[in-house]
1. Those residues that are under 12 Å from Thr69 (Cα atoms) and surrounded by 13 or more Cβ atoms within 10 Å (Cβ to Cβ), I need them from the stretch 32-42; list them, please.
2. Restricting attention to the stretch 33-41, does a residue exist that is out of contact with any helix residue (DSSP H, G or I) (no Cβ under 8 Å at 6 or more places or on another chain) and either of a type in the set (D, E, K, R) or touching a residue at least 40 places away in the same chain (Cβ under 8 Å) (or both)?
3. Name the residue that is modelled with the lowest pLDDT, counting only residues in the stretch 60-74 that are in a loop (DSSP other than H, G, I, E, B) and farther than 14 Å from Arg12 by Cβ.
4. What are the residues in the stretch 23-59 that are under 13 Å from Arg12 (Cβ atoms) and among the β-branched types (Val, Ile, Thr), if any?
5. Out of everything in the stretch 48-64 that is β-branched (Val, Ile, Thr) and within 15 Å of Arg17 (Cβ to Cβ), what residue ends up being surrounded by the most Cβ atoms within 10 Å (Cβ to Cβ)?
6. In the list Ala24, Ala29, which residue meets the criterion of being surrounded by fewer than 16 Cβ atoms within 10 Å (Cβ to Cβ), among the hydrophobic types (A, V, I, L, M, F, W, C) and either outside any loop (DSSP other than H, G, I, E, B) or at pLDDT 95 or above (or both)?
7. What about Arg12, is it of a type in the set (Lys, Arg), surrounded by 15 or more Cβ atoms within 10 Å (Cβ to Cβ) and either over 15 Å from Arg65 (Cβ atoms) or without any contact (Cβ under 8 Å) to a residue 40 or more places away in the chain (or both)?
8. Within the stretch 32-59, how many residues are in a strand (DSSP E or B), more than 15 Å from Gly74 (Cα to Cα) and touching an Asp or Glu at 6+ places or on another chain (Cβ under 9 Å)?
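The values are calculated or read from the model by the stated rules, or taken from the named source; none is laboratory data. None of the values given here were measured: they were computed from a predicted structure. Reconstructed Cβ throughout: ideal geometry from the backbone, glycine too, with neighbour counts over all protein chains shown.
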Amino acid sequence: MRIIITEHARKRLKDYRQKKIIVADIVAAAKEIPGHIPTATRFRGFVSKSGRIFDIVAKDIPSGRLVITIIGKG
């Protein structure tokens, strides 16, 4: 499955709350989600390689899985 990360999500990676979360972490998290996501949905509790916990908002579109934003925790 193709994972598409929005420019907004990429920009959020530079914010303090998303520090130490990298694109590879987002791609891995998006691929973990089973099934089809017809509407934008928040998925919680992913862990980056650095140990940072984060949520993603994603939905499926014809060209792949679109990651709309990332929300870092703690």
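1. Answer for the stretch 32-42, where residues must be under 12 Å from Thr69 (Cα atoms) and surrounded by 13 or more Cβ atoms within 10 Å (Cβ to Cβ): just Thr41.
2. For the stretch 33-41, residues out of contact with any helix residue (DSSP H, G or I) (no Cβ under 8 Å at 6 or more places or on another chain) and either of a type in the set (D, E, K, R) or touching a residue at least 40 places away in the same chain (Cβ under 8 Å) (or both): absent.
3. Here the answer is Gly74.
4. Residues satisfying the conditions are Val23, Ile26, Ile56, Val57.
5. Within the stretch 48-64, the match that is surrounded by the most Cβ atoms within 10 Å (Cβ to Cβ) is Ile56.
6. Ala24
7. yes
8. 2
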